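See below for the structure under consideration.
The values are calculated or read from the model by the stated rules, or taken from the named source; none is laboratory data. What you are looking at is a predicted structure, and each value in this text was computed from that prediction instead of being measured. All Cβ positions, glycine included, derive from the backbone under ideal geometry; neighbour counts span all protein chains shown.
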Ligand code: ATP
Ligand code: MG
């Protein structure tokens, strides 16, 4: 799956609308401490459906909304959009008529998150499955967090297996089986 563009608005330190063009071959982001590198990676995970506030280094999901500074007021919502290449037609049924997809997630204080694919409202699950099936989910080993390598070394075999399953693209199948068993 090829990412083309990441748009942020009110997400963490990215209070003003910011657009990052993701060109082929981009493998890293450099910059001074505190400039927002980790926030960018967190934005990627978040728009893919990450729901654990701890993965966003917060206590609650609303902590991703720009919290304000002495000079600028806090925001009421945050939005992240990720444009991906859809020439391989990976999108869920009904969205495969276009060569490019923009997935957006927006969070409003006290109202939770809403997801859209090309402007049409979808469920969180639709977005999570889209990325899980392409082996690039929010827990994908393609995105390496600070401290993640030592976590992996010290992990129990079961959690280590989950990393391999995600890489193999079968995370979505497990989720579907789990849902089928609940029905
Ligand atoms: P390092 O090189 O130290 O890892 P980094 O480039 O990864 O730094 P980040 O951790 O992405 O930096 O950014 C940290 C900055 O983001 C801090 O200045 C922090 O105050 C700011 N920040 C985080 N969450 C919010 C928020 N909700 N509202 C406003 N600013 C925020
Ligand atoms: Mg960092």
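Filter the range 24-55 down to the residues that are assigned to a loop (DSSP other than H, G, I, E, B) and surrounded by 10 or more Cβ atoms within 10 Å (Cβ to Cβ) and list them by number. If the condition is that a residue be assigned to a loop (DSSP other than H, G, I, E, B) and surrounded by 10 or more Cβ atoms within 10 Å (Cβ to Cβ), then 26, 29, 35, 36, 48, 49, 50, 51, 52 are the ones that fit.
What number of residues in the range 126-175 are within 27 Å of residue 106 (Cβ to Cβ) and surrounded by 14 or more Cβ atoms within 10 Å (Cβ to Cβ)? The total comes to 20. With respect to the conditions (1) away from ligand 1 (no atom under 12 Å from the Cβ); (2) surrounded by fewer than 16 Cβ atoms within 10 Å (Cβ to Cβ); (3) at pLDDT 95 or above, residue 104 falls short on a single one, namely (2). Only one of the listed residues (139, 148) is at pLDDT below 90 and either within 13 Å of the chain's Cα centre (by Cα) or closer than 20 Å to residue 18 by Cβ (or both). That residue is 139. Taking the range 12-36 as the region of interest, how many residues are within 15 Å of ligand 2 (Cβ to nearest atom) and either touching a helix residue (DSSP H, G or I) at 6+ places or on another chain (Cβ under 7 Å) or closer than 17 Å to residue 79 by Cα (or both)? Going through the range 12-36 one residue at a time, the tally reaches 6. Pairs are defined by a Cβ separation below 9 Å, a sequence spacing of at least 6 or placement on different chains, a first member in the range 142-154 that is at negative phi, and a second member that is modelled with pLDDT under 85 and away from ligand 2 (no atom under 15 Å from the Cβ); the pairs so defined are 142/135; 142/136; 142/167; 143/136; 148/141; 152/141; 152/163. Is it fair to say residue 72 is more than 25 Å from residue 21 (Cα to Cα), touching a strand residue (DSSP E or B) at 6+ places or on another chain (Cβ under 7 Å) and loosely packed, with under 13 Cβ neighbours inside 10 Å? Judged against the criteria, residue 72 is not a match.
Within the range 6-23, if we keep just the residues that are in a strand (DSSP E or B) and loosely packed, with under 15 Cβ neighbours inside 10 Å, the residue that is farthest from ligand 1 (Cβ to nearest atom) turns out to be 21.
In the range 66-83 there is no residue matching the filter, namely being within 16 Å of ligand 2 (Cβ to nearest atom), more than 20 Å from residue 142 (Cβ to Cβ) and either within 17 Å of the chain's Cα centre (by Cα) or part of a loop (DSSP other than H, G, I, E, B) (or both). On the stretch given as the range 119-135, residues that are out of contact with any helix residue (DSSP H, G or I) (no Cβ under 7 Å at 6 or more places or on another chain), at pLDDT 85 or above and under 28 Å from residue 168 (Cβ atoms) total 9.
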